[in-house]
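Quick notes on the structure that follows.
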Amino acid sequence: MEHTYISLGGGCDVAMNLNAIGFRKKSYPFDWLWNLDSGLTSVTNIIRHDFSEVLKEGAYRNTKHYRFSSNVITYEHYPSIAHIHTDPLNNIDEHEKLCRRSLSFIQKLNDTSIKHFVYYRSFNEGSFKDSTLSCQDSFNILVSEGTRFLDMLYKKFPNSKSKVTLLLVLQVDPANYATAKKLTREFRSTKLANEYPCIRVGCTYTRDDKNSYLVARWKMQWLNLLLNQTETPIRYRLLKCSAYAFRSVSRLLSKLFRKTICEKR
């Protein structure tokens, strides 16, 4: 049976980590969007309406965004979702690329493969907009978004019910990691977890590109979640772990080699 891994956002961290371990075989429409505000709620509505609101003429606008210092391209219908890597408003090729990815997404939902959806919500981004938000609040929003997504999916694609897993990840700073870990552990024994057995929950650090140690921890946390919380076949896990380890060692040896050459010079 084919296993397909699909990012639902909220940002590019999922696609980056799926790429790193070789799980991402195809591009889908939510891979590279900035959607750390309305998140999975918007994604659910976009899918419910067959992407019609985001692919029609006049779907984009160039506007101010509370999270960015300069104007960005957003969806007219979903103004909190930003295209920070591309400009589909002024570049027809980028728009057509999103159209193809959306069509591929719909086709994938209708096929017989096992779909592993992955979505994360950032506690830090939430508290940026609402300083009263707690880690518990963010986790509750995350789970609520997940159940509404599955309700929509099962209604719209009834044959998918036994062919889906949904990994929900809460990203936090290191100071809140223990709290987030406790929340994910406690969720597994709740009534809601029994009602939605395909939901998996986990947590990682928020990506901090300025701190190489935290980035390394972030990568390992994601690797652990993607391998162990998505019902990945054991043979597939071993294969991907071996490939990931080989690439990591190769990169390390390459850096050491370049450093040695520089020192000799």
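The values are calculated or read from the model by the stated rules, or taken from the named source; none is laboratory data. A quick note: this is a predicted structure, and the numbers were derived from the prediction, not measured. Quick reminder, even Gly has a Cβ in these numbers, built from the backbone with ideal geometry, and neighbours come from all protein chains shown.
Among residues belonging to the stretch 44-57 that are assigned to a loop (DSSP other than H, G, I, E, B) and either crowded, with 21+ Cβ neighbours inside 10 Å or among the charged types (D, E, K, R) (or both), point out the one that is modelled with the lowest pLDDT.
Going through the stretch 44-57, the residues assigned to a loop (DSSP other than H, G, I, E, B) turn out to be 49-51, 56-57.
Adding the requirement that they be either crowded, with 21+ Cβ neighbours inside 10 Å or among the charged types (D, E, K, R) (or both) leaves 50, 56-57.
Values: D50: 97, K56: 92, E57: 89.
If we take residues in the stretch 44-57 being assigned to a loop (DSSP other than H, G, I, E, B) and either crowded, with 21+ Cβ neighbours inside 10 Å or among the charged types (D, E, K, R) (or both), then E57 is modelled with the lowest pLDDT.
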Odd one out for E125 among (1) touching a Lys or Arg at 6+ places or on another chain (Cβ under 9 Å); (2) modelled with pLDDT of 95 or more; (3) surrounded by 13 or more Cβ atoms within 10 Å (Cβ to Cβ): (2)
Scan the stretch 63-81 and tell me whether some residue there is touching a residue at least 60 places away in the same chain (Cβ under 8 Å) and touching a strand residue (DSSP E or B) at 6+ places or on another chain (Cβ under 6 Å). no
Among (1) assigned to a helix (DSSP H, G or I); (2) farther than 20 Å from S160 by Cα; (3) touching a Lys or Arg at 6+ places or on another chain (Cβ under 8 Å) - the single one T41 does not satisfy: (2)
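Residues checked against (1) within 22 Å of the chain's Cα centre (by Cα); (2) assigned to a loop (DSSP other than H, G, I, E, B); (3) at pLDDT below 65; (4) closer than 20 Å to S7 by Cβ:
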site	(1), (2), (3), (4)
L168	yes, no, no, yes
K210	yes, yes, no, no
C241	yes, no, yes, no
F246	no, no, yes, no
K259	no, no, yes, no
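Can you tell me which residue within the stretch 109-122, out of those that are among the hydrophobic types (A, V, I, L, M, F, W, C) and not in a helix (DSSP H, G or I), is surrounded by the most Cβ atoms within 10 Å (Cβ to Cβ)? Let's see the steps before the verdict.
Start the filter on the stretch 109-122 by keeping residues that are among the hydrophobic types (A, V, I, L, M, F, W, C), which leaves 109, 114, 117-118.
Among the residues that remain, those that are also not in a helix (DSSP H, G or I) are: 114, 117-118.
On the way: I114: 18, F117: 25, V118: 27.
Only one residue fits best here, namely V118.
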Is it fair to say T184 is part of a helix (DSSP H, G or I), among the hydroxyl-bearing types (S, T, Y) and under 24 Å from F23 (Cβ atoms)? yes
Taking R61, is it in a helix (DSSP H, G or I) and either out of contact with any helix residue (DSSP H, G or I) (no Cβ under 9 Å at 6 or more places or on another chain) or of a type in the set (D, E) (or both)? no
For the stretch 33-71, enumerate the residues that are under 17 Å from the mean Cα position of the chain (by Cα) and under 15 Å from P88 (Cα atoms). L33, W34
Among the residues of the stretch 83-95, write down those that are surrounded by fewer than 12 Cβ atoms within 10 Å (Cβ to Cβ) and not in a loop (DSSP other than H, G, I, E, B). I92, D93
Restricting to the stretch 122-149, name every residue that is within 18 Å of I46 (Cα to Cα) and among the charged types (D, E, K, R). E145, R148
Only residues that are surrounded by 13 or more Cβ atoms within 10 Å (Cβ to Cβ) and over 16 Å from the mean Cα position of the chain (by Cα): list them for the stretch 179-208, please. T179, A180, K181, K182, L183, T184, F187, A193, Y196, C198, D208
Only one residue in N211, N176, N159, N224 is polar (S, T, N, Q), more than 21 Å from L40 (Cα to Cα) and surrounded by 14 or more Cβ atoms within 10 Å (Cβ to Cβ). Which one? N176
Residues (surrounded by 20 or more Cβ atoms within 10 Å (Cβ to Cβ) and touching a residue at least 40 places away in the same chain (Cβ under 8 Å)) located in the stretch 1-20: Y5, I6, S7, L8, G9, G10, G11, D13, V14, N17, L18
Which pairs have Cβ atoms under 8 Å, sit 6 or more apart or on different chains, and link a residue in the stretch 159-180 that is free of Cβ contacts under 8 Å to residues at least 12 places away in the same chain to one that is of a type in the set (F, W, Y) and buried (at least 21 other Cβ atoms within 10 Å of the Cβ)? none
Expected single match for surrounded by fewer than 21 Cβ atoms within 10 Å (Cβ to Cβ), modelled with pLDDT of 95 or more, on the phi < 0 side of the Ramachandran plot and in a helix (DSSP H, G or I) among S80, S102, S70 is S102
